[in-house]
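Presented below is the structure to which this report refers.
The values are calculated or read from the model by the stated rules, or taken from the named source; none is laboratory data. This structure is a prediction, so every number in the text was calculated from the model and none was measured. Virtual Cβ from ideal backbone geometry, glycine too; neighbours counted across all protein chains shown. SASA here: full protein model, heavy atoms, side chains in, ligands and nucleic acids out. Shrake-Rupley method; radii C 1.70, N 1.55, O 1.52, S 1.80 Å.
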Amino acid sequence: MNKQEVILCENLESDLAHALGQCPHDRVFVLTDEHTHRLCLPLLSRVDGLKGAGEIVIGAEDTHKNLATLASVWQALSDGGATRHSLMVNLGGGMVTDLGGFAASTFKRGIPYINIPTTLLAMVDAAVGGKTGINFNGLKNEIGVFAPALSVLIETEFLRTLDSRNFFSGYAEMLKHGLISTPGHWAELLDFDAGQIDYALLKTLVGRSVQVKENIVREDPTERGIRKALNFGHTIGHAFESLALAEERPELHGYAVAWGMVCELYLSCLKTGFPTDRMRQTVRFIKEHYGTFAFDCKEYDRLYDLMKHDKKNTAGVINFTLLKDIGQIALNQTADKDLIFEAFDFYRETMG
Ligand code: GLY
């Protein structure tokens, strides 16, 4: 897999002009959703390389991350005369960068693309690391390929207009990067005053967070080993997310991951010796900023079934990434049903 260039922008227009200049192409296509088309694309109007670019606009909700939308993007590329030498720019949140990256990397067997993430979740996670895809058959990211963007341009000025829930959704992935990296980065994330955001400090933290992910992806681009560290909190988090969706009370991905991390920190304490005081500090932060996800013991079996269907499992055994301490990863861990239910009990007692 090619290495992707991740740039923390000082000036998005000139960084984009530079990125476009580095990749010879015949036509450029810009993919946006309805919101980023209206609010973000005009900010790039002075970039010469985008003059005459084909504009492809898709719906903004996650429900559009499907085969029909993907086909509409391929169709627009085809109708717009895209060739193997064309280039795509994906401007939006994780839905746009995931679907756009997949559309680009499959069109005519693959054209290059640049990601410009506009949400915190996309900046620190979705747009970086080459995972692309769509939802299919009721399953998230069921179809996709590893295909890194040429460049990922991170402009944190977009975060000034992000609503609080989407801010915290992305911040959960940053917290995860803190837990899997160093005590210093973890502590500075817990200290950050999210009520009174210092955007210069946020930019520094985003830069560090992306670096954590980049280092891991460089070592293991296709998730054979250490990249599984990025799944911390996600085994139980995905079950919360799926249950919430099935019960028609959808939750943002990062919230589900934050609550999943509460359970998986508890499992880490029991199974791999994660320090209890660090678990309690993290849980306190999550409770304060994310509230809780309500469920009762009658739903434990359903959550367990959802976990059994996770695509990260092998031979039906539920696979966890746990922690021995901050930055000390224990891959390919298992936990039996009783222990998982104990983690749910802990969650409800602590977060309820
Ligand atoms: N979102 C986890 C990963 O990119 O591997």
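Checking region 162-175 against the condition returns a match, with at least one residue being more than 23 Å from residue 10 (Cβ to Cβ), open to solvent by 60 Å² or more (accessible area, probe 1.4 Å), more than 13 Å from the ligand (Cβ to nearest atom) and among the basic types (Lys, Arg).
Taking the options 352, 327, name whichever one is out of contact with any Cys (no Cβ under 7 Å at 6 or more places or on another chain), under 30 Å from residue 192 (Cβ atoms) and modelled with pLDDT of 95 or more.
Details: 352 fails: modelled with pLDDT of 95 or more.
It is 327.
For region 328-352, taking the residues that are in a loop (DSSP other than H, G, I, E, B) and open to solvent by 30 Å² or more (accessible area, probe 1.4 Å), the one that is nearest to residue 179 (Cα to Cα) is identified as 334. Scanning region 57-85 for residues that are modelled with pLDDT of 95 or more, of a type outside the set (A, V, I, L, M, F, W, C) and either farther than 30 Å from residue 242 by Cα or not in a loop (DSSP other than H, G, I, E, B) (or both) gives 64, 69, 72, 75, 78, 79, 80, 81, 83, 84, 85. Just one of the numbered conditions (1) in a loop (DSSP other than H, G, I, E, B); (2) closer than 28 Å to residue 259 by Cβ; (3) of a type outside the set (Ser, Thr, Tyr); (4) open to solvent by less than 50 Å² (accessible area, probe 1.4 Å) is not true of residue 196: (4).
Does residue 32 meet the test of being surrounded by fewer than 24 Cβ atoms within 10 Å (Cβ to Cβ) and of a type in the set (S, T, N, Q)? First the steps, then the outcome.
On the way: surrounded by fewer than 24 Cβ atoms within 10 Å (Cβ to Cβ): no; of a type in the set (S, T, N, Q): yes.
No.
Checked against the criterion of being of a type in the set (A, V, I, L, M), open to solvent by 50 Å² or more (accessible area, probe 1.4 Å) and either assigned to a helix (DSSP H, G or I) or within 16 Å of the ligand (Cβ to nearest atom) (or both), the candidates 205, 201 yield just one match: 201.
Suppose we keep only residues that are in contact with a helix residue (DSSP H, G or I) (Cβ under 6 Å, 6 or more places away or on another chain), among the β-branched types (Val, Ile, Thr) and part of a strand (DSSP E or B) within region 112-141. Which one would you say is surrounded by the fewest Cβ atoms within 10 Å (Cβ to Cβ)? Among residues in region 112-141 that are in contact with a helix residue (DSSP H, G or I) (Cβ under 6 Å, 6 or more places away or on another chain), among the β-branched types (Val, Ile, Thr) and part of a strand (DSSP E or B), the one surrounded by the fewest Cβ atoms within 10 Å (Cβ to Cβ) is 134.
Residues of region 175-193 being without any contact (Cβ under 8 Å) to a residue 24 or more places away in the chain, not hydrophobic (A, V, I, L, M, F, W, C) and not in a helix (DSSP H, G or I), which ones?
Applying the first criterion (without any contact (Cβ under 8 Å) to a residue 24 or more places away in the chain) to region 175-193 yields 184, 187-189, 191-193.
After this cut, where a residue has to be not hydrophobic (A, V, I, L, M, F, W, C) as well, the list is 184, 188, 191, 193.
Hit for region 175-193 is 193, nothing else.
Yes/no per residue for (1) more than 16 Å from the ligand (Cβ to nearest atom); (2) farther than 14 Å from residue 7 by Cα; (3) aromatic (Phe, Trp, Tyr); (4) modelled with pLDDT of 95 or more:
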residue: 106; (1), (2), (3), (4): yes, yes, no, yes
residue: 124; (1), (2), (3), (4): no, no, no, yes
residue: 132; (1), (2), (3), (4): no, yes, no, yes
residue: 135; (1), (2), (3), (4): no, yes, no, no
residue: 140; (1), (2), (3), (4): no, yes, no, no
residue: 153; (1), (2), (3), (4): yes, no, no, yes
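I'd like the full set of residues that are among the hydrophobic types (A, V, I, L, M, F, W, C) and touching a His at 6+ places or on another chain (Cβ under 8 Å), limited to region 277-336. Let's see the steps before the verdict.
First, the residues of region 277-336 that are among the hydrophobic types (A, V, I, L, M, F, W, C): 279, 283, 285-286, 293-295, 297, 303, 306-307, 315, 317-318, 320, 322-323, 326, 329-331, 335.
306, 307, listed by residue number.
For region 217-231, which residues satisfy the criterion of being in contact with a helix residue (DSSP H, G or I) (Cβ under 7 Å, 6 or more places away or on another chain) and near the ligand (Cβ under 8 Å from one of its atoms)?
Passing the criteria: 217, 227, 230.
Within region 1-25, restricting attention to residues that are charged (D, E, K, R) and open to solvent by less than 80 Å² (accessible area, probe 1.4 Å), the residue that is modelled with the lowest pLDDT is 5. Inclusion of residue 283 among residues that are β-branched (Val, Ile, Thr) and closer than 26 Å to residue 131 by Cα is not warranted.
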